[in-house]
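See structure below.
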Amino acid sequence: MSQSSETAAFPIVVLISGSGSNLQSIIDRQQDFESGAYISMVISNNPEAHGLQRARKSGISTIVINHRDYPDRPSYDAALMVEIDRYQPKLVVLAGFMRLLTTDFVSHYSGRLINIHPSLLPRYPGLNTHQRAIENGDRKAGATVHYVTAEVDGGPIIIQASVPVAADDNSQQLAQRVLAQEHHIYPRAIQWFTQGRLTVKDNKVLLDGDESAQQRIISNEI
Ligand code: GRF
């Protein structure tokens, strides 16, 4: 599946830390992306990340840059940027990359750095999103793909999918239901990005110049 950098029109670098189920969904949908778009490299901060095996199985190159080998966040992020920039990516995808990023990193990739977050942002930035949704008695939970800006989990929203919260849900059950939706919306967001269909205006994402978000909010009922 991977191509040499000479022929690559649209290299994508994916950063992971764990299971890599979102990475898998992106690998499985690469054929839907604009031609020339492909995952050129998967980078993990965690040598044990299962996602590394998923990538290798699909013939995608991987690198581990272990944060434990660096004294602080700025030096880690600087090393990460050097590695990422070797592939000249047009898009950098955070797929369960469980690290806060420096503002230098975020501004370096501004407009080509996206993330998936397991909540209906702006609700529940940060961790433990499913537990918080349950404790607050929310009837809906979901996931959001967004551009990354300096504000944690605060950048312009590309696409969201919601699922109902069942009365007896625990956070694992809810997480599983949300994750299944993540696997739909992340490849779709990347497809749109590679097709050049996304623009950002006044901190809002437009699809094909349209702000009305119809195709960008997917509501799943029981
Ligand atoms: C997902 O829930 C994602 O929203 C969050 O981290 C999790 C990663 O899961 N940022 P996976 O590694 O893609 O399976």
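General remarks:
- LEU179 among the hydrophobic types (A, V, I, L, M, F, W, C), within 13 Å of the chain's Cα centre (by Cα) and more than 14 Å from the ligand (Cβ to nearest atom): no
- Residue within region 76-84 that is aromatic (Phe, Trp, Tyr), crowded, with 21+ Cβ neighbours inside 10 Å and under 30 Å from LEU174 (Cα atoms) present: no
- Within region 2-72, strands (runs of 3 or more DSSP E) holding 2 or more residues that are under 19 Å from the mean Cα position of the chain (by Cα), surrounded by 13 or more Cβ atoms within 10 Å (Cβ to Cβ) and within 13 Å of the ligand (Cβ to nearest atom): 10-16, 37-44
- Screening region 182-202 for residues that are charged (D, E, K, R) and in a helix (DSSP H, G or I) and picking the one that is surrounded by the fewest Cβ atoms within 10 Å (Cβ to Cβ) gives ARG188.
- Among the strands (runs of 3 or more DSSP E) confined to region 89-150, the ones with at least 1 residues that are within 14 Å of the ligand (Cβ to nearest atom), closer than 19 Å to SER21 by Cβ and free of Cβ contacts under 8 Å to residues at least 60 places away in the same chain are located at 113-117, 140-147.
Quick note: the coordinates plus some simple rules give every number you see, no bench work behind them. All values derive from a computational prediction rather than experimental measurement. So basically every Cβ, Gly included, is an ideal-geometry build from the backbone, and we count neighbours across all protein chains shown.
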